[in-house]
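One structure below.
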Amino acid sequence: MHQISVYDISNAQILLYNIPIVLSFLYLLFKYRSGSVCSLIVCLFFYGLFVDVSRVFTSGRLIVNVYQILLLVWAVKIFLHRKQRNSMRHQCLVLVFLIYAVYYFHINILYHGDSTLLVISQFSKTLIPLLLLPAIELSVNRGYGEKLYNLFYQLLLFQMLFGVWKLVFLGGFLEGWVGSISGLQGGGAGTSLPLLGLIFWSIRSHMAFRSRKDWLFVGGLLLIGFAAGKRAVWVLFPLLFLLIYIVAYGKTIKPGSALMIVILLPVFVYLGMRLTPTLNPEDKVWGSFNPQYAWEYGLKYSTGSEGGGDSIEKGVGRVGAVSLMLDMMKSSDESALFGRGLEYMVYADHDDYLNADYYQGITSRGSITGIVSTFFTIGTIGVVLFILFICTLLLLNKSRYRWVLLIMVLFDYVFYNAQSVSTMALFALAIFLTIYTNYRNYSLSSSV
């Protein structure tokens, strides 16, 4: 099994890959046809289908842009319908989000002169899931939380099945096609989805593997990352596993479950190093287990440091990019305060992917994390407002899970690609987890 490039995939293969996805989409829409909130969530999870269809039939984004507009109209309708019954009591969240929204539109349209349609399109990726918050909260508070939980459970299962289908269909792993969530050229969710899925699984399981279903579910989450060729998931998954155990269940978990967790963590790391070609010297699936090689590769990839040193080369790798951004933030330059606009990032030529001059010293577009992208787009002020918005949203949760969610999402935003807040399906899942764990509150801490 080997790595396959997205540039080797033909239009015919794109259409064939999406056949089971279309059938699954129609099945779920029919199953949840009586609930507008559930139906919209299903549509968010099949966004990648329309990205691919648009790519094949329009050689661009026409179809997916129309789809996204329809989703926005639908979300607004749901929000207005629920507003009279549940008017988003969290005034602080509303205020912070409105300040961020006003700044976002003003700085991009009036200051940078970006296309209004582009600005609306990019902003709607945050707005659409957020508009569902009152409806999700109302449903959970009225006792329909289990229905939504089961919906997300089924959607996650489908993503696992699509991962198996991709491996069988291609005969290798591809950094793209993360289930039905992303299109051919969207692979970032391959790390964020398994992490959110792990939090989702832990709510009911209390970190205990009680049956074969638990093993298959956790294994399926890791398979999503493997099918997308993601290295980071093999490190972040066990770290998040440990964080959930310590923060959410550390005081109540039984000794047997604790022993199981201690055994599992090194197993995750071992499998990651052997299954991920770039993490072993042989550069192949099921290569040798060589922790030193994997460590040195990870350091070089993330920081540019050679020979296992601990120095950070600014602009190299994701850590190096964040380090360089922090230096730029100290500047009094207007671009540091207000960024360079959406078109600067969205319409960047592919030939500039490795152009350090274009990206102000960052050696690769792939090193640009969520926070760096925000900085380049709307500047330091935008970064502060967005982080304040995310913290305000996630800290509405009063259970111990608020710290798990906050740490995971902020890590994803600062040091990774921020798919947990920039992909509509994943952001909707994060919002549901915030509300659902808050509703269950300290019943989550019952003995395991």
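Under a 5 Å amide H cut-off, with hydrogens placed 1.01 Å from N, Ser180 pairs with nothing among residues at least 5 apart or on other chains.
Note on the chain: GNM, Cα springs under 10 Å; of Tyr416, Tyr270, Tyr401, the largest mean-square fluctuation is that of Tyr270. Legend: distances between Cα atoms for Lys147/Lys213; Lys230/Lys300; Lys77/Lys125; Lys125/Lys398; Lys77/Lys147; Lys230/Lys284; pairs beyond 24 Å are Lys125/Lys398.
Taking other residues whose beta carbon is less than 14 angstrom from the beta carbon of Asp357, and scoring Lys, Arg as +1 and Asp, Glu as -1, yields -1. At a Förster radius of 41 Å, what calculated FRET efficiency corresponds to the Cβ-Cβ distance of Leu80 and His2, to the nearest 0.05? FRET efficiency, Leu80 to His2: 0.25. Here the Karplus curve 6.51 cos²θ - 1.76 cosθ + 1.60, taken at θ = phi - 60°, turns the phi angles of the stretch 220-229 into couplings of x, 4, 5, 5, 4, x, 5, 5, 8, x Hz, with x standing for Gly and Pro.
Solvent-accessible area per residue for the stretch 76-155 at a 1.4 Å probe radius, Å²? Provide the component values of the computation, followed by the final result.
Numbers: 3870 Å² over 80 residues.
Spelled out: the 1.4 Å probe surface of the stretch 76-155, per residue, equals 48 Å².
Its DSSP H runs of at least 4 residues, each contributing -39,500 (n - 2.57), put the calculated 222 nm mean residue ellipticity of the chain at -21500 deg cm²/dmol, to the nearest 500. Across the chain, the relative contact order, built from alpha-carbon pairs under 8 Å that are at least six residues apart, equals 18 percent.
The spread of Cα positions in the stretch 29-129, taken along each principal axis and listed from longest to shortest, comes to 41, 40, 15 Å.
For the stretch 367-379, backbone phi angles converted through the Karplus equation (6.51, -1.76, 1.60; θ = phi - 60°) give residue-by-residue couplings of 8, 7, 7, x, 5, 5, 4, 4, 4, 5, 7, 10, x Hz, Gly and Pro being listed as x. Relative contact order of the stretch 169-257, taken over Cα pairs closer than 8 Å and 6 or more residues apart, is 34 percent. How many angstrom lie between the Cα centre of the stretch 223-250 and the Cα centre of the stretch 355-433? First find each Cα centre; the distance between them is then 18 Å. In this entry, the chain is assigned a mean projected area of 21.1 nm², taken as a quarter of its C-alpha convex hull surface.
Surface composition of the chain: carbon and sulfur atoms hold 64% of the protein heavy-atom accessible area at a 1.4 Å probe. Once you reduce the stretch 12-56 and the stretch 170-193 to the center of their Cα atoms, the two points are 15 Å from each other.
Over every Cα atom in the stretch 306-448, the radius of gyration and the widest Cα-Cα span, Dmax, amount to 17.6, 56 Å. With a simple spin-label model that places each label point 7 Å from the Cα along the Cα-to-Cβ direction, the separation between Asp283 and Arg61 comes to 3.4 nm. If the viscosity is 0.890 mPa s and the temperature 25 °C, what Stokes-Einstein diffusion coefficient in µm²/s follows for the stretch 280-361 when Rh is the Kirkwood radius over Cα pairs? Here the translational diffusion coefficient equals 164 µm²/s.
In summary, the aspartates and glutamates within cross-link reach of Lys314, defined as a Cα separation below 14 angstrom excluding same-chain residues under 8 places away, comprise Glu306, Asp327, Asp357.
Rolling a 1.4 Å probe over the protein chains gives Arg340 an accessible area of about 110 Å². According to a simple spin-label model (label point 7 Å from Cα along Cα-to-Cβ), what is the distance in nm between Gln13 and Ile407? Result: 4.0 nm between the two label points. Spin-label model, Leu95 to Lys147: label points 7 Å out along the Cα-to-beta-carbon direction sit 3.5 nm apart.
Taking all protein chains as they are arranged and a probe of 1.4 Å, the heavy atoms of Thr374 leave approximately 20 Å² accessible to solvent.
Counting heavy atoms of the protein chains alone, Asp214 has an accessible area of about 20 Å² for a 1.4 Å probe. With θ taken as phi - 60° and the Karplus curve 6.51 cos²θ - 1.76 cosθ + 1.60 applied, the whole-hertz 3J(HN,Hα) list for the stretch 190-203 is x, 9, 5, 4, x, 5, 5, x, 5, 4, 4, 5, 5, 4 Hz, x standing for glycine and proline.
Whenever you get a sec, line up Lys398, Lys31 from highest to lowest accessible area (probe 1.4 Å, protein heavy atoms).
Lys398, Lys31
Dividing the mean sequence gap of close Cα pairs (under 8 Å, 6+ apart) by how many residues the stretch 101-249 holds gives a relative contact order of 20 percent. A Förster radius of 25 Å combined with the Cβ-Cβ distance from Phe105 to Ile387 puts the calculated FRET efficiency at roughly 0.85.
Each of Lys125, Lys300, Lys230 has its accessible area taken with a 1.4 Å probe; listed largest first, they run Lys300, Lys125, Lys230.
The values are calculated or read from the model by the stated rules, or taken from the named source; none is laboratory data. Please read these numbers as outputs of a predicted model, since none were measured by experiment. Using ideal geometry, Cβ is built from the backbone for each residue, glycine included, and neighbour counts are taken over all protein chains shown. These area figures cover heavy atoms from the full protein model, side chains too; ligands, DNA and RNA do not enter into them. Shrake-Rupley method; radii C 1.70, N 1.55, O 1.52, S 1.80 Å.
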